[in-house]
Amino acid sequence: MRRSWLVLALFVLSLLLAGAVGAQQDPNTYPFTITTDPASLIGSYYNAITLHDYGRAYSYWETPPNNQTLAQFTAGFADTLSATALVGVPYATDAGAGNVYAALPTVVLVQRTNGTQAYYAGCFVVHKTNVPVGDAAEPDPNWRLRSANLVPVTTAYAALARMATACQNA
């Protein structure tokens, strides 16, 4: 009987230790900085917001959204604990005159610092040049955020439903 308790205690201890190790490997604690494709750019952007690395998130924009300063941009996320994005297949891509654009339907789930959730749905337009700029020998492989039109929606279902039409006018 004593031996079975010991085995049970060791089993429970191993589960607790495995949980602690797993918690240390939470992917939201590590920077994701890949911007060489449109979907990864969106993922990197929301990873930066989740990590409260607003300078990095801000740097992904070609021009600051609504001409905000970094301080204004940062203040817009004051009640954001984390943000997770679901990105659809690019709705439209356009290439011409050394530029490539893509419109991506996107749903964002935001965890607020007060424990509530919020959903946003809409369209990101991203851009990259496909010719060398300045003295560069190769084109910059990184995409940049060009514009975003996300609106609050009340449920996850409403957010997913909006994805179908989010980029039709992009």
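Seen from Y120, the other residues with C-beta closer than 13 Å to its C-beta sum to a net charge of +2, counting Lys and Arg as +1 and Asp and Glu as -1. Measuring nothing but protein heavy atoms, the accessible surface of the range 28-170 at 1.4 Å probe radius is 55 percent carbon and sulfur. Of the residues Y120, Y157, Y46, the one with the largest accessible area comes first in the ranking Y157, Y120, Y46, computed with a 1.4 Å probe on protein heavy atoms. A Förster radius of 41 Å combined with the Cβ-Cβ distance from N66 to A137 puts the calculated FRET efficiency at roughly 0.70.
Per residue, the solvent-accessible area of the range 87-134 (1.4 Å probe, heavy atoms of protein chains only, all protein chains present) comes to 46 Å².
The values are calculated or read from the model by the stated rules, or taken from the named source; none is laboratory data. Treat the numbers as computed from the prediction; the structure is a model and nothing was measured. Cβ coordinates were reconstructed from backbone atoms using ideal geometry, including for glycine residues, and neighbour counts include every protein chain displayed. All accessible areas refer to the heavy atoms of the entire protein, side chains included, with ligands and DNA or RNA removed. Shrake-Rupley method; radii C 1.70, N 1.55, O 1.52, S 1.80 Å.
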